[in-house]
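Have a look at the structure below, then the notes.
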Amino acid sequence: MGNREDPIMKPKNQSAGQAEWIDVLIIGAGFGGLRMLQECRELGLEAIILDAATDLGGTWYWNRYPGARTDTESWAYCFYFSEKLNEQYSFKERYATWDSSLDYLNYAADALDMRRHMRFERRVTTARYINSENVWEVQTDTGETYRCRYLVSASGVLSVAYKPPFKNSEAFNGKVYLTANWPKEHVDFAGKRVAVIGTGASGVQVIPIIAHEAAHVTVFQRTPNYVLPARNAPVTDAQQRAIRRDFHQMVAQCRKQVFAFPMTDSKVALKSVSPEEQQRVLERGWEIGGFQFAFETFNDILTDRESNAVVAEFVRKKIRAIVKDPKTAEMLCPDYALFAKRPPLGHFYFETFNRPNVNLVDVSDDPIEAMTATGLKTRTREFGDFDAVVYATGFDGGTGALVKIDVRGTNNQSIAETWRKSLQTQFGICMNGFPNFFMISGPQAPFANTPMIVDRAVTWIGDCIRHVQASGDTVVEARAEACENWTKFVQTTMDMTVLADGAGVNSWFLGKNIPGKLQAPLFFFGGANNYFIELEKESGGGFKGMQFRRPTIDAAAA
Ligand code: N01
């Protein structure tokens with residue numbers, strides 16, 4: 001049996017004064033990192049978080065563009081392990097702004113006295129597993145070296161911004177902004193002529209706000225999106241009381257919902273009701289707003305193409321009704337399945353195109369090729385006279401952050417190289433060949449309400465580490481066969497939904513938005529609720545997909 005009092009025997013041969021020893025090293029101070037820190041406390045392990053930013057927040061530290069906010073209801077976008085923590089916090093709006101999300105994370109970190117375990121302005125550059133010592137050696141861009149028993153990546157699903165490599169990108173004389181790396185200082189667009197490239201969730205949020213301020217906004221759209229009305233509103237006192245009272249019900253509800261949202265999936269198939277009833281239910285969903293439109297209306301929107309087509313046409317009719325100029329309205333109407341790309345929630349997005357100071361340019365058949373001193377050039381046209389260009393062009397999602405770090409496993413193989421050939425994980429949490437390494441919201445985990453996915457993944461990691469400690473072994477890694485099975489399940493469940501159509505529309509869920517990236521499902525879309533069941537089956541069944549062992553002593557090191 002392992003020593004339960006002192007589960008981690010610190011390596012004796014570390015070079016004194018060079019590497020700092022820590023039981024668990026966590027990369028990233030967002031929701032995932034903080035939740036993991038809490039779990040380490042419960043495990044009795046010493047942990048630290050390293051982060052490249054100057055402060056905590058993860059996504060909400062970097063994505064501080066005007067209009068940035070969650071699209072999960074704020075009261076369900078939280079830590080679930082402490083009712084008390086949330087009881088003392090007041091959620092302000094249905095969807096929290098970026099600074100409210102940051103405020104919540106700061107509040108939690110202070111209430112739980114977590115800050116002393118965080119070190120900022122350090123980017124992890126390499127992480128190498130040393131077989132003979134069963135440690136991870138981690139280096140930062142500040143020249144520090146750490147050694148740890150467990151390495152946990154909470155480096156984020158969307159933390160590496162993608163900026164298309166247009167020719168002459170340095171030529172533009174005006175200001176350049178990236179939504180995913182927005183300056184801390186206020187950006188004043190008053191009286192300015194602004195170009196916005198990209199109409200995904202970030203573009204959809206930033207465009208209406210800039211349009212309010214700027215003299216003129218030109219939106220460059222490659223693919224239109226099904227933007228669903230968010231219907232944001234302040235949280236009333238009565239709602240706040242209900243949020244506190246119903247905390248446990250909310251948590252239970254999220255765990256049962258396909259995307260871990262605080263809503264109840266419809267049990268009715270669109271096909272099973274009359275066309276009049278379909279329209280009535282969809283109208284009601286549209287008025288409620290948010291993802292309720294997709295999940296509380298009918299249960300076959302994501303799985304039945306004919307039902308999906310009815311809902312897609314419903315949204316197109318709404319776009320045509322909102323946008324006054326018929327040509328612009330048509331440009332804004334998507335022609336693919338709803339959910340083939342991730343639908344954003346909008347805050348008066350389509351209405352923005354009725355403003356006299358906003359125009360839309362379709363670059364789907366006439367791609368942007370180069371920047372110029374005053375603007376940009378597409379293949380056939382030139383657009384100039386801009387004071388600022390805003391790139392809302394997305395992320396190298398899912399795998400991007402870990403690929404940037406030189407992470408090397410048992411045979412010195414790198415994660416980047418491994419994932420260039422094939423992406424295989426166990427639950428998006430661990431991998432074969434990378435022992436004692438865990439990912440929070442890693443690739444092949446569900447893409448859903450992030451704090452809930454994080455919560456369940458961290459609980460599973462904690463149970464796995466408890467299992468290691470109890471077994472007396474010190475090395476744990478996913479079995480290759482378990483990873484193969486999970487990967488097949490990820491693909492099969494994806495193929496059962498319209499999300500598979502994302503291949504034809506650059507969906508970042510499939511890695512299609514990044515030139516040269518492996519094309520594979522980056523997420524499990526078989527239902528967050530089913531994912532939680534799978535996690536519980538694995539931990540309750542004694543972690544059959546994992547192998548537990550003693551370290552391999554290699555001859556050269558012995
Ligand atoms: O990125 P995106 P995002 N020329 O990849 C366009 C989460 N999020 O940052 O669709 C012209 O969706 C690209 O065009 P196309 C959320 O999960 C959440 O907006 O590839 N255009 C697209 O329009 C979301 O899904 C929240 O044809 C180019 C846009 O840039 C994810 O982050 C808020 C181009 C990129 O859209 C990513 O959203 C914000 C080029 N060369 C984000 N290259 C909330 O919680 C790219 N584009 C509410």
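The values are calculated or read from the model by the stated rules, or taken from the named source; none is laboratory data. Owing to the predicted nature of the structure, the values given are computational and were not obtained by experimental measurement. All Cβ positions, glycine included, derive from the backbone under ideal geometry; neighbour counts span all protein chains shown. Calculation scope for accessible area: heavy atoms of the full protein, side chains included, ligands and nucleic acids excluded. Shrake-Rupley method; radii C 1.70, N 1.55, O 1.52, S 1.80 Å.
Remarks
- Given (1) assigned to a helix (DSSP H, G or I); (2) surrounded by fewer than 23 Cβ atoms within 10 Å (Cβ to Cβ); (3) in contact (Cβ under 8 Å) with a residue 24 or more places away in the chain, index of the condition Lys488 fails: (3)
- All of (1) within 24 Å of Ala448 (Cβ to Cβ); (2) free of Cβ contacts under 8 Å to residues at least 40 places away in the same chain hold for Gly57 with one exception: (2).
- Residues within segment 316-331 that are touching a Leu at 6+ places or on another chain (Cβ under 7 Å) and either within 18 Å of Ile197 (Cβ to Cβ) or assigned to a helix (DSSP H, G or I) (or both), tallied: 3
- Of all residues in segment 95-133, those that are in contact with a strand residue (DSSP E or B) (Cβ under 8 Å, 6 or more places away or on another chain) and under 26 Å from Asp237 (Cα atoms) total 7.
- Any hit, segment 156-174, residues being of a type in the set (S, T, N, Q) and under 30 Å from Arg466 (Cβ atoms): yes
- Summed over segment 342-353, residues that are in a loop (DSSP other than H, G, I, E, B) and open to solvent by less than 20 Å² (accessible area, probe 1.4 Å) total 3.
- Boolean, Lys92 is more than 30 Å from Thr352 (Cβ to Cβ) and either away from the ligand (no atom under 16 Å from the Cβ) or open to solvent by 20 Å² or more (accessible area, probe 1.4 Å) (or both): no
- Number of residues in segment 431-462 that are open to solvent by less than 10 Å² (accessible area, probe 1.4 Å) and more than 28 Å from Thr70 (Cβ to Cβ) equals 6.
- Among residues of segment 199-233, those that are in a strand (DSSP E or B) and more than 25 Å from the chain's Cα centre (by Cα), counted: 4
- Residue list for segment 66-76, restricted to those being open to solvent by 10 Å² or more (accessible area, probe 1.4 Å) and near the ligand (Cβ under 10 Å from one of its atoms): Gly67, Arg69, Asp71
- Val311, sole failed condition from (1) in a loop (DSSP other than H, G, I, E, B); (2) buried (at least 22 other Cβ atoms within 10 Å of the Cβ): (1)
- Qualifying positions in segment 320-341 - in contact (Cβ under 8 Å) with a residue 40 or more places away in the chain and either in contact with a Cys (Cβ under 9 Å, 6 or more places away or on another chain) or buried (at least 21 other Cβ atoms within 10 Å of the Cβ) (or both): Leu332, Ala337, Leu338, Phe339, Ala340, Lys341
- Subset of segment 163-198 [surrounded by fewer than 20 Cβ atoms within 10 Å (Cβ to Cβ) and under 16 Å from the mean Cα position of the chain (by Cα)]: Asn181
- Residue tally, condition without any contact (Cβ under 8 Å) to a residue 60 or more places away in the chain, open to solvent by 60 Å² or more (accessible area, probe 1.4 Å) and either in contact with a strand residue (DSSP E or B) (Cβ under 9 Å, 6 or more places away or on another chain) or not charged (D, E, K, R) (or both), over segment 354-377: 2
- Just so you know, in segment 199-235 the residues that are hydroxyl-bearing (Ser, Thr, Tyr) and closer than 20 Å to Ile322 by Cα include one that is surrounded by the fewest Cβ atoms within 10 Å (Cβ to Cβ), and it is Thr223.
- Pairs with Cβ under 7 Å, 6+ apart, first in segment 511-523 and open to solvent by 30 Å² or more (accessible area, probe 1.4 Å), second part of a loop (DSSP other than H, G, I, E, B) and away from the ligand (no atom under 12 Å from the Cβ): Lys512/Gln519; Leu518/Leu423
- Looking across segment 220-250, the residues that are within 16 Å of the ligand (Cβ to nearest atom) and over 20 Å from Gly290 (Cα atoms) come down to Phe220, Gln221, Arg222, Thr223.
- Whenever a residue of segment 190-205 is near the ligand (Cβ under 10 Å from one of its atoms), its partners that are part of a strand (DSSP E or B) and open to solvent by 30 Å² or more (accessible area, probe 1.4 Å), lying with C-beta atoms within less than 9 angstrom and at least six residues away or across chains, give the pairs Gln205/Arg69.
- Evaluating Asp99 against the criteria (1) crowded, with 16+ Cβ neighbours inside 10 Å; (2) within 16 Å of the ligand (Cβ to nearest atom) leaves one unmet condition, (1).
- The criterion of at least 3 residues that are out of contact with any helix residue (DSSP H, G or I) (no Cβ under 6 Å at 6 or more places or on another chain) and within 14 Å of the ligand (Cβ to nearest atom) is met by the following strands (runs of 3 or more DSSP E) wholly inside segment 354-434: 368-371, 376-378, 388-391.
- Scanning segment 220-263 for residues that are free of Cβ contacts under 8 Å to residues at least 40 places away in the same chain and β-branched (Val, Ile, Thr) yields a single hit, Thr236.
- Within segment 48-103, the set of residues being closer than 30 Å to Asp141 by Cβ and not in a loop (DSSP other than H, G, I, E, B) comprises Ile48, Ile49, Leu50, Thr59, Trp60, Tyr61, Trp62, Trp98, Asp99, Ser101, Leu102, Asp103.
- Restricting the first member to segment 27-41 and to residues that are over 14 Å from Ser155 (Cα atoms), and the second to residues that are modelled with pLDDT under 95 and open to solvent by 10 Å² or more (accessible area, probe 1.4 Å), the beta-carbon pairs closer than 7 Å and six or more apart or on different chains are Gln38/Phe81.
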